[in-house]
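Only one structure is covered here, and it is reproduced in the block below.
Where a number appears in this text, it was derived from the coordinates with a stated rule and is not lab data. As the structure is a prediction and not an experimental result, all values here were calculated from the model. Using ideal geometry, Cβ is built from the backbone for each residue, glycine included, and neighbour counts are taken over all protein chains shown.
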Amino acid sequence: MFELTVRDHVMIAHSLPDPFFGPAQGLHGATLVAEVTWSRPDLDEHGVVIDIGEASARLAAVVADLNYRNLDEHPAFQGRFSTTEEVARHIADRLVDSMDLTGFAGLVVTLREHPDAWATYRVAL
């Protein structure tokens, strides 16, 4: 299995209004490092998993919609908490919706909220 990973970052604000989240209930900011890994069993006709420039541009387009936004007001997160896990799923879903994934085996989005804490969402294709 071949894999290619690119990363970007996004700065967001949000709140997690439930006592479960302790101090994160209130409005706060976070900088999330987004890593996306595309995988495929064989390289394409150009000898790559995906072009690095294309992968970077696709990720940048998805995170641009989140950058400097209050996710409490973002339509994609209405009715659900904008946890790191949910944001990772959102990014993965937008990437899957935006491209032809013929030949790919999977897509993995990892969001690093802190050097010691991250969440991952995997899509089998």
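Miscellaneous remarks
- Selection from 79, 31, 20, by position along the positive dipole direction of the chain (Cβ): 20
- Across all directions, the average projected area of the convex hull around the alpha carbons of the range 55-125 is 5.3 nm².
- Point-charge dipole on Cβ atoms (K/R +1, D/E -1) for the range 53-122, about Cα centre, debye to 20: 100
- Remark: the range 114-125, residue by residue, has Karplus-estimated 3J(HN,Hα) of 7, x, 10, 8, 8, 10, 10, 10, 10, 10, 8, 10 Hz, where x stands for each Gly or Pro and the curve is 6.51 cos²θ - 1.76 cosθ + 1.60 at θ = phi - 60°.
- Cα→Cβ-extended label distance, 7 Å offset, between residue 99 and residue 72, nm: 3.4
- Karplus-derived 3J(HN,Hα) values for the range 76-83, using 6.51 cos²θ - 1.76 cosθ + 1.60 with θ = phi - 60°, are 5, 10, 5, x, 8, 6, 8, 5 Hz; glycine and proline are entered as x.
- The modelled label-to-label distance between residue 48 and residue 116, using points 7 Å beyond Cα along the C-beta direction, is 3.8 nm.
- Cα centre as origin, Lys/Arg/Asp/Glu Cβ charges: the chain dipole, Debye: 260
- For the chain, the convex hull drawn through the C-alpha positions has a volume of 107 cubic angstrom per residue.
- Helix 52-64 vs. the chain, principal-axis angle (Cα, 0 to 90°, nearest 10): 20
- Cα-based convex hull, the range 8-54, per residue volume (Å³, whole number): 102
- The chain: angle of helix 84-98 to the longest principal axis, Cα-based, in degrees nearest 10: 40
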